[in-house]
Every structure is written in C-alpha cells, then in structure tokens.
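Only one structure is covered here, and it is reproduced in the block below.
The values are calculated or read from the model by the stated rules, or taken from the named source; none is laboratory data. Please read these numbers as outputs of a predicted model, since none were measured by experiment. All Cβ positions, glycine included, derive from the backbone under ideal geometry; neighbour counts span all protein chains shown.
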Amino acid sequence: MTFNGLKISEVSAELGGERVLQSINFSLQEGNVLALLGRSGCGKSTLLKVIAGIVSPTGGQIFWNSVDISMTPAHKRGIGLMFQNNALFPHMSVHENIRFGLEMLSVPKAEANDRVVDLLELVDLKGFGSRTIDSLSGGESQRVALARVLAPEPKLVLLDEPFNALDRALRRTLVDQVFEILSAKKITSIHVTHEGDEASLFSDSILIIENGQIINEGTFAEIIDLPVNVLSADLLGLRTVWAPDAEFRNQKWSLLTPWGSIECGGSQSDRYQLLLRPDHVQISNDGLEAIVTKVFYAAGQKYIDCRVGNIKNLTVLVDTNISIGESICLSVDLDSIEVLTA
Amino acid sequence: MNSRVFTRSNRANLIAILSVLTFYIIFFFYPIGKILSVGFTLSSFEEAFTSVSLRKALWFTIWQATISSALSVVIGLCISSVFVKSEFRFKRFLEGLTFIPFVMPTVVVASAFISVNELLKLDGTPLNLQGSALGIIVAHIFFNTSIVVRTLTSTWPMIDFESEQAAQTLGASKLRIFFQITLPQLKSGLMSAASLAFLFTFTSFGVILILGGLGKATIETEIWRYATQRTEFETAAVLGIVQLLVVVAMLTINNKFLTTDNINTNLRSKVQYAHSVSKFRKLVNSIFILGFFGFPFLVLLERSLSTPTGHSFAYYKQLLWENSDERFAIFGTRKAILNSLIWGSLAMVIATVVGLIAAYLLTNKSKSISLFSGIFLLLPLGVSGVLLGFGILISLNTGYFDFRSEWWIIPVAQGLLGVGIVARISSNAIKKIDPNIRHAASTLGASSFLIWRRIDCPIISKAVIAGSAFSFALALGEFGATSFLVRPQRPTIPTTIFNLLGRPGSSTFGQAMALSVILAVITWLVVSLLDRSGSLSTNDF
Amino acid sequence: MKFIQNLLKFTVLTALILFTLASCSNNSSEVSENQKSQSCLDDSGLSKFELTDQSKNSVRGESIDLVVYDAFLAPEGAFERFTDETGITVNILTTADTGTMVSQAVLTSGDPVGDVMFGIDNTFLCRALNNDVFLPYMPSTWNQLLDPLKLDRIGRVTPVNYGDICINYWKGHFEVPPTSIADLTNSRFSSEIVTQNPETSAPGMGFLLASIATFGDDWEDFWRELRANDIAIRSGWSEAYYEDFYSKERNIVTSYATSPVAEYIFADPPVESPPTAIIADSCFRSVEFTGILRGTDSPAASALLVDFLTSVYFQELIPETNFVLPANENAQLPEVFNLFLEKVPNAVLISPDLIDTNRNIWTERWTELVLR
C-alpha cells in the first residue's frame, strides 16, 4: 500500500565538513502540518533544505507518495520553501515575483496573470501587483512570499521561521492566515519554529531536533504530557525544570528533592533533571518553607517564583494575593515530579 | 548525487566552459605559453642576466615600483582619512576626482605631465619630470593613489569604531589610536591595494616609455625594445617570464587579502567617529586633491590650446581637418579616432560577453567548476598588454593561426585584457546576492541556467555595465599590446599620440596634447555616464 | 598549508599545459635565428621579379604604399608626375626612424605593411636581407647606378642615394671648433653635443661605427667620456637636428656632410656661405636603398615605382629635398652642392655583414655605457 505523504528515511547531511543531520527518520501524512522545533544550529534549516533539494544529503532517501525523489533536482520537486528573510526578487515587481513559479511551469501568460491576481486577493494584497519589493512592509512582504510559494501549487510547503522578523500581533495574524490557507488547500507543510505555543496552534505533529538528531516526536498533546527529555520541556516552555543533587548507588540514581528522594534506574553516565509543573505545587501549612522571589502573569494567569530548598526558581500557580519576599509553605506529591533525561 | 543526464543546465555549463576555454587557449594561454617555451632555456637566462643594462633595468623596475606604491599608500591613507571621517559639500566631486586618473589612458597621463613640465619650465631643474625617475614616480602615484582611496573608503567605515572609542576612553592619543587600533584593522585592505599598486607600477609601460624616455628602462619597456627593435625574442621572453612571476606573486598576495564579503554596509553616523576632522585638514586635503589630480589635466588642456599665435583651437583643427606640416605626414588622425572608437566598442563587447560567461562559471554551483575557473579565468587580470602583445606576435604567426596581422587581433587582445575585470566585477556582484533568493528561484522551478538568466543577470546589470564601461576605457587607452600589433595604416589614438610626441616641432606637440585631451574627454564621458552607481570599487579587481 | 599546496599544484599544472602547447609549435625558423655563417649578401634563392610590358599597362589605377622613415621629404610634384605617367597612386607611409622601420619590416616579412620601402641603409641592410624582407628586382636603371653602391648584387635592394654621416656644428658658435671626433671629449664641448640612438637611428649608428673604426677597442672609453661630457641622446635625426640643434641648445649634432649645404639654401636672411660645418675626419659612408617588399599584392606597380625612384628625374630632385647624393651617375648635382659640399677624404666603410654580426653587441654595450 502506498503511503500518501512525505517519508524521510535515514537522511544524513554535512555542511562544511561537519555532520549536521544524523539518520533522520519520520513520516508526514499528506495534508498534515508538522512543526519542527529545536535550538539554533540544531539542523532544522538544513533538514528543510535537504527536503527541498537545495542541499544534497550524504545518505538516506526522501519519498513523496512512495516515490523516491532523492535524485530529483530541486527545481523539479515541486516543493515550496519560505525563507526567514522572504528572499523576494528585488528586481521584479510584486506581480512578477508571484508569477515567477508559473513562468517556470510554462503556464500561458494570460492564465498566469489571472492566477496572480487571485492569489493577491487571497493574501489580502489586492492591487499590490505593480508595487516594488522595497516599498513593502514586513507583513506585506511576508504575504507576497506566501503568494509566491503557493502560485505553482506545490504539494509540500516548507516554512523556515518566516515570521521571525514580525512583531507579536502581526505574527499571530499572519500565522493564522497562512495556516488557514494551507489547510483550505490541503497542502502538506513543515513549519520550523522555536515558539512552542505557536506549534500547538496548528501542528498535527511535532518533531524536536537536537544536534542533528530527532529527540522527540508525537503530537503536541503527547509531548506536553510526556516530555521525556529536558530540551523538549524547555522548548515547550514547561516549568519548572531543575537539576537536582544526585547520588548513584546500587546501580540506581537517587535524585534528591526538598520533599524526598526519587529513585530511577540507569547507568552511571546518564544524567537526569526533574520537572515539577506549577499546578502540582500546593500552598499548605504542612509544606516546606519557601520565599517568594517573583510575582508575574502569563496568559492572564498569576504565578509566583519561589526559592525552596535547593531549587532557585520554582514556579507555582496561585490565585491569591501574595507579595515578593513573603514566606509561604509548599507541599508537593512526590509522584507528580517527573524525571527527564538531560 | 551527480546527475549524468545531459540536462539543459549541464548543457549550458558545457557550452560555457568550452567557449570560454577556447577563447582563452587561443588568445591567452597559447601566446603566454609561447613566451615561456621560448624563454625557458638556460642559455637565454644566462645571456639575459649577464647584461648589465638588463640588470639595471630590473633593479630600476623594482625600486620605482616599491617607492611608487608605498607613497601611493601613504598619500591614499591621508586622503581617505578625511573622506571617511567627515562629510562636506564637495566630497563626492573630490572623490570622483581621485578616481579619474585610474581610468585614464597612460598616454594621456604621460602627456599631461609632459605639458606640466613644459608650462612650468621644469626642464633642467631638480623637479624635472621628463626623463627622470621623479617624473615616473609622480605619475605612478597619480594613477595608483585612487586604488588605495577606493579600497579604504569602502573598508574603513566597516572597522570597529567602538574599539577606537574604547581606546580613547582609556587615554590613548590620536596617533596611538591610529597606529595601534585603526591601522591593524585596515591592514588587509591596505595590503590588497598595495599589491595591486605594485603590480601596476611594475608593469607600467606607457608612462615609462613616454615620460621616462630613452634613459629610463624597466622590464616592460625592455621586453618591447628587445622584441620590436632588436628582434631578440629569447631575451625578451626571459624578461617576460620574470614579469609573469611577479604578476602571479602579486595576484596571489592580492587574492589573500581581498575582502569579498561586504554584504552589510552599515552606514555609520558621523557622530560615532572617535575624532572629527578639523576644517584645516579638510581644506588642505581638498587643495591637494584639486592640485595634484586636477592641475595636470588643466595644464594639458591649456597646452593643447596654446599656439605660437595665442590661445586657439588651431591644433584641434589640424588634427581633425588638415594634415599639418607636410614634412611630417601623420597617417590620418581621423582614422585613428575612428579605429579606436570602433575597436574599443568591439573590445568592450568581447570583454563583456566572455566576462559574463566567465562570471557564470566562477560562481557556479559546482565546486570544481568554480574553483577551476577562479584559478584560470582571472589570470588575464594581471598580465600586461606588453606581455600579451609580445606573446601574440611570436605565436599567432603561422599558417591557419596567423592572426597577428589581422585587424581584429587588436580588439581581441584589448578585449581579453578587459575580460578579467568584467568577470571579477560581475562575480563579486553575484556573490553579494542573498543566496536565499537563488534557493527561492530554484524551489519555484528555475534550473541553474534560468537562475542565471532571470535572477543573477538582471540584478548585477548595473555592475556589469560599469565593468563594460571600464573595459571600453581600457581598450581606448590601451598602448602596450597595441604597440606590438599595430600597423601604420590602422593606427589607434594612443599610438598616434606616441608618434606625434616623438616628432619635433610645436605643431606636432600641440596636436599630441590636443589628441590627448580628446582621448581623456571620451574616456571620462564613457566611464562617468555608465558608472552612475560608482560601483567600480577596487575591491572588485 | 592547504593554500600553498593548491598553489603549487596549480602552478605545476599550468606550466605543463603551457609548455606542451607552445613547444609543439617551436620550429627552427624563428625570426631571430640569423644564419651568421654566411654573408647576408649571398643569394638566398628568392626568385627575381620581371616586369613585363603587359603588366605595365595592367596596373593603371592601382594604389601602392611607399614606406619611408620620418625625415623623408617627398619632392614637390614628383609623385604626381609618377601618377601621370603610370596611372599609379602612391601613398607615403611614414614610420619612425630607420631602425623602427626596418624592425617592423622584419617582423612582418612576407606580409608587409606597404609595397615599397625607401630609405633602408647599409647598416640595417643585412638584417632585412637575412629575413627575406625584399623581393629581388633589378630596375631598368640598374646600369646607370654607381657601382660601389650596389652592395646587393642580386637586386633585392637598389641603391637610391648615398651620403656621409658626419658631425656638424654651428660655425659661429665656437672660437676653436672641433677638428676631429676625439676633440669632442674636450670639456670646451661639454653639454654641446647631441646625437641619436644607434639602435634606431641610421646617423646615430653611423657615428657609433665611425667611432669604433677610429678608436678600435677603446671606443667604449670614448663614449664614457662623451657621457661624462653631457652628450644628449635623441631617438631620431629629426628630433636632434630640428629641436636641439636648430634651437642652438646644442651646437654639435650628428648629421650629413650635405647638411651645411641645406643650411646655406634655407638661410633666412641669405648668407654667403654655409653657417654650419662638418668634422671631416671620421665620417661614415651611408648608402640608402629602395626595394619591393616581399609579399606585396602589387609587384608590378611597385617595380615601376622603383624604376621611377632611380630615374634621373627623381634622382636630381633628391639632393635639394633630402640632402643626400644621387645614386644614378647620370643625375646632375645642383651647382650649390658643387660649390659648398665639403669633401670627405676617408669616409669609413664597413661591410654590412660585419655590422650585422656585431650590431646587437655594440648597441647593447652602447646602451649600457651611455643610456643607463
């Protein structure tokens, strides 16, 4: 049975002599959105370029709808790529930029022009056709780039953090708009981002990459539920993660928390950190003493940071009036503390 | 990941490589190779270097080039420091003025300094510029200061001014800051400019021949003398080999210090400079530039109008409409002007076409193609006209390849000399293009060749036009190669000026000055009209 | 390190390519290889050109180029008369000095820049003959030409005039004028002398040869002293004579024995006798030739021109325009020459072969001594 969608098999890549991607394997169902998360320099841009065909991998294969496209040159793959800096053609007008892909497909001029006009309307840039590239604002360039990518009706669109240069509000609007269009057209897409929350909005699945390797994959909900490693937790904004004092005894690690020690198996070379979510911490009189160091809000919810035991900043979800410097007592159910690999 | 299929892109690559290589092999590598093979015998080396006058010529070549380039660097530094650190009304004009000498033909500059010598009656004084080492060095500084100024005005603003400010807050004096903070950061730009200046002064021909006269000889003029006057080709070839070695060495050094990645030009506000420039310095700078770079042209103009019966356009009339003194019938100056314009245009076309193809190869996706091109295609950049002319003279002279008497060999040689420049300017402009734009085009379906045609070419068109303009100017004023290949019935403006200067009489002298003025004006017009954006930065050489 | 490795690899590769390319074509017929074992005046096996009546008529309307050196003056109306007689138009192609003219002919041997050359002299003769520059042709006037001047017996070149290269000076300028060239090293004549570069100029070469003949191996010392005496050097005769000598900046110049006659003729206001004189003791006998350039497209028209140049009509015009003596013994000298031409008793004669063999060595040495 053929698989509809993108399949990456054992892909490795090198840049400037250095290993950038190591045996990457994943699949993406046609029509779905994949979010690629990772720190800078982890290889996510390179992965996109390999998929697009701009960079040649040193090993592995790329399949689309079960057809091996690894040998197909970039300009024949029909894969769209959106760049961080938009990379619009400076010497062409908006209209010509968008029309470029259609020219490459030898679409007759009249038809191409009509499609361009439709696309401009789609991205809310009606009438912008004759504008020059340097006269556009950040958001406008973004949308021209989107229109340009969509024009040749690619089967797969790769987005390499294209919204980075925009302010928060604009970014939010554009992200919504882009993914609305992509899903309406049932276009498969991979979105590189380092904003975990954004990923949660639109992605069907997530891939977390570190040092050229996949360290976590699944749906957003799955990873939030079970981050497994520290990096995933960091990228998804989970708090509080800290490195506890640890002892290795009898082939087991003993991780020391202010509320007791947690045991977990493993070898001596393994390292572990702990995750304690803000809503798993209760303020109760028979808890441990803690000093409030910060009070802040996130998405409208009130949180405090405390210093307790050897944890410098433990975040707690609160709903009462607490001020900085106050001394409170916190109790925690040891079972709710999660162990993450580091 | 090599696709062996003959895709359209691969075909384009192949055609490009073959056409460029054929052109290069016939008109460049074969002539130069001939020089090497003729000169590379032990006996000829021995013969050449037992000659005292040749050893003296070599020594003179070296020391005048060293002093000329060193002084050009120093003067260029002084001038640039004012340009870079201040803004004033006529700055652009003065900057342009310092650049004009560089595009001027050597015969024009030589004529200008001869006219200065005439006007100020310096003959016989210690300041005599004609037939003296002083004159040669001054003329060389005139040419090469602009290289230094151009390099510095583009690289200086980019060095870390904050380090200068830090030094200032730590108590360092102006001088200290300059020598210990600024200068080390300018080193690579200076070395690149200095190596170019050395190369140009080492291979200088027109200036030495015309301004230096009989008593001053360099390797370049000796190659010419041995080849055309004595027909002793082996000795000339030995000298040619010495020349080539110096060229290769200087190009290598220049390449090492080249600052190619100037994608971000941060325009620093003047407030950030550590010290501002005093009005006095600005004034001195402006006067010096006007005097040193402007005055010789003014004198040239004046001398061309100064007849025994007062100032008039008599010499221009004689040049263009009459054949003056019967005694010295010059072969048609009108013909010379026509030839120069036509051949210059032809050379420009050749330089642009071949140069663009070369640039395509230089920036090719395939690493091996671009590396190979980088080594071989830029060689004509440093080879002098004399070397090329000599090579063609002794190689393309038999059977099917007897090209040296054809009229078109001169524009071809001139074009070849310009190919390197167009290739370099174009490839630098291409490198400045954000690579993502090409990636975008690629993912939108454009093949390698289409990317080149639809993306690279339009974007670099301004730079290419500037390069073409420069190659036209180069061809117009070309004297070295032409002096080997020219036939009396097909003169060019530079050879006519040279002939006029070689004959006695105020009339021929005046006509020589007038023709020089005409050549200077045409050159200046072409370059300034086509190089609007001022993109002829010396980083591009 | 990697950079240097690459540079080395590249250099070796390039050198190999260039070498093989060029060595393939290196044949032994390089222009600069002169056969020095034989005399240049020997027959080199070129076939003579014969002028037929048929060809004389077929060349009407043709146009040919006469290659001359810069000081050449066309006698007024002479070439017009030639056109009237033959229907052939002559274009005068002025090059620079004799040396440059001959070098150019050597470099373009077989594919010449013009059709006929006028003015190659005996010092440059062998160089041209060794490179087969000329097409042998004996003009109809051959038997009228003075025998000693026919240095080339085969007719590759035809003698057209002769003269003596002597040191000239302004009579009025010196209380005690120089009487021999040895005098020239005297400090009285410091900064007074101008001569020409023997590499390119015929009179310049003449003076050098005269000094070699006079001083033998000590000629180098002679020139060292001349240099110490601030002798000026110009590329060609015109420059030296018309700029330095006329302006009286220099009062002693290398020129011809006939130059004083010219000065007498052109003196304004008129004078009773020539204002300049010559040093007659070390003059060099110069002979000038004309010849058809091998490879010309118009050999017949060129032949007619050579006939004309050696005809009595033209030969009688030569003395008063170019101030040398006619080679045709039937040509009459103008009276003024008979009056004022100073006799040169022992002009230096050196065979063209000897000159050719040593020319390069002598000029190189001279350049070292005087110019560098």
Residue among C:ASP132, C:ASP115, C:ASP84 that alone is without any contact (Cβ under 8 Å) to a residue 60 or more places away in the chain and assigned by TED's automatic domain parsing to the domain that holds C:PRO319 = C:ASP84
Looking only at helices (runs of 4 or more DSSP H) that fall completely inside the stretch B:276-323, which ones have 1 or more residues that are of a type in the set (D, E, K, R) and under 30 Å from B:ILE75 (Cβ atoms)?
-> B:279-289, B:295-305
Looking only at residues in the stretch B:423-441 that are more than 12 Å from A:MET82 (Cα to Cα) and within 11 Å of another protein chain (Cβ to nearest Cβ), which one is surrounded by the most Cβ atoms within 10 Å (Cβ to Cβ)?
-> B:ARG438
B:VAL148 vs. criteria part of a helix (DSSP H, G or I) and within 17 Å of B:LEU71 (Cβ to Cβ) = yes
Output the residue which, of all residues in the stretch B:416-455 that are closer than 14 Å to A:ALA74 by Cβ and hydroxyl-bearing (Ser, Thr, Tyr), is modelled with the lowest pLDDT.
-> B:SER448
For B:THR265, indicate whether it is modelled with pLDDT under 70, closer than 23 Å to B:PHE200 by Cα and of a type in the set (Ser, Thr, Tyr).
-> no
Counting only strands (runs of 3 or more DSSP E) entirely within the stretch A:251-338, those with at least 3 residues that are of a type outside the set (Asp, Glu) and over 23 Å from A:GLY237 (Cβ atoms) are A:252-257, A:260-265, A:281-298, A:327-332
Somewhere in the stretch C:280-292, is a residue at pLDDT below 95, surrounded by fewer than 20 Cβ atoms within 10 Å (Cβ to Cβ) and more than 25 Å from C:PHE215 (Cβ to Cβ)?
-> no
How many of the residues in the stretch B:8-50 are of a type in the set (S, T, N, Q) and crowded, with 19+ Cβ neighbours inside 10 Å?
-> 4
Within the stretch B:68-85, of all residues that are out of contact with any helix residue (DSSP H, G or I) (no Cβ under 6 Å at 6 or more places or on another chain) and in contact (Cβ under 8 Å) with a residue 12 or more places away in the chain, the one surrounded by the fewest Cβ atoms within 10 Å (Cβ to Cβ) is B:ALA70
Hey, any hits in the stretch B:78-92 for a residue that's modelled with pLDDT of 85 or more and within 13 Å of another protein chain (Cβ to nearest Cβ)?
-> no
Does the stretch C:173-180 include one or more residues that are part of a helix (DSSP H, G or I) and away from chain B (no Cβ under 14 Å)?
-> yes
Pairs returned, first residue in the stretch B:468-487 that is free of Cβ contacts under 8 Å to residues at least 40 places away in the same chain, second residue that is buried (at least 24 other Cβ atoms within 10 Å of the Cβ) and part of a helix (DSSP H, G or I), beta-carbon separation under 6 angstrom, 6 or more apart or interchain, are none
Across the stretch B:268-293, what is the number of residues that are modelled with pLDDT of 80 or more and not hydroxyl-bearing (Ser, Thr, Tyr)?
-> 14
Which one is farthest from the other protein chains (Cβ to nearest Cβ), of the residues in the stretch C:96-124 that are under 12 Å from the mean Cα position of the chain (by Cα) and among the hydroxyl-bearing types (Ser, Thr, Tyr)?
-> C:THR123
Within the stretch A:127-136, is there a residue that is assigned to a loop (DSSP other than H, G, I, E, B) and of a type in the set (Phe, Trp, Tyr)?
-> yes
If you take just the helices (runs of 4 or more DSSP H) that sit entirely in the stretch A:164-246, which of them hold at least 3 residues that are at pLDDT 85 or above?
-> A:168-184, A:220-225, A:230-235
Would you mind stating whether A:VAL50 is modelled with pLDDT under 90 and more than 9 Å from chain B (Cβ to nearest Cβ)?
-> no
Which of the residues spanning the stretch C:224-237 are under 23 Å from the mean Cα position of the chain (by Cα) and either surrounded by fewer than 23 Cβ atoms within 10 Å (Cβ to Cβ) or aliphatic (A, V, I, L, M) (or both)?
-> C:ILE231, C:ALA232, C:ILE233, C:SER235
From the residues in the stretch B:182-222 that are in a helix (DSSP H, G or I) and within 14 Å of chain C (Cβ to nearest Cβ), which one is nearest to the chain's Cα centre (by Cα)?
-> B:ILE208
Expected single match for under 21 Å from C:LEU145 (Cα atoms), of a type in the set (Phe, Trp, Tyr) and assigned to a helix (DSSP H, G or I) among C:PHE284, C:PHE308, C:PHE289 is C:PHE308
Kindly provide the set of residues from the stretch C:51-75 that are at the interface with chain B (Cβ under 9 Å from one of its Cβ atoms) and charged (D, E, K, R), ordered by number.
-> C:ASP65, C:ASP70
Subset of the stretch A:64-104 (residues that are among the acidic types (Asp, Glu) and either in contact (Cβ under 8 Å) with a residue 40 or more places away in the chain or at the interface with chain B (Cβ under 9 Å from one of its Cβ atoms) (or both)) | A:GLU103
Filter result (more than 10 Å from chain C (Cβ to nearest Cβ) and small (Gly, Ala, Ser)) within the stretch B:13-38 | B:ALA16, B:SER19
Going through the stretch B:357-382 in order, the residues found to be more than 15 Å from B:THR22 (Cα to Cα), surrounded by 19 or more Cβ atoms within 10 Å (Cβ to Cβ) and away from chain C (no Cβ under 14 Å) are B:ALA359, B:TYR360, B:LEU362, B:THR363, B:ASN364, B:LEU381
Identify the single condition in (1) within 14 Å of chain B (Cβ to nearest Cβ); (2) more than 21 Å from the chain's Cα centre (by Cα); (3) aromatic (Phe, Trp, Tyr) that C:TRP362 does not satisfy, given that it satisfies every other one.
-> (2)
Tell me which residues, restricted to the stretch A:38-63, are hydrophobic (A, V, I, L, M, F, W, C) and touching a Lys or Arg at 6+ places or on another chain (Cβ under 8 Å).
-> A:ALA52, A:VAL55, A:ILE62, A:PHE63
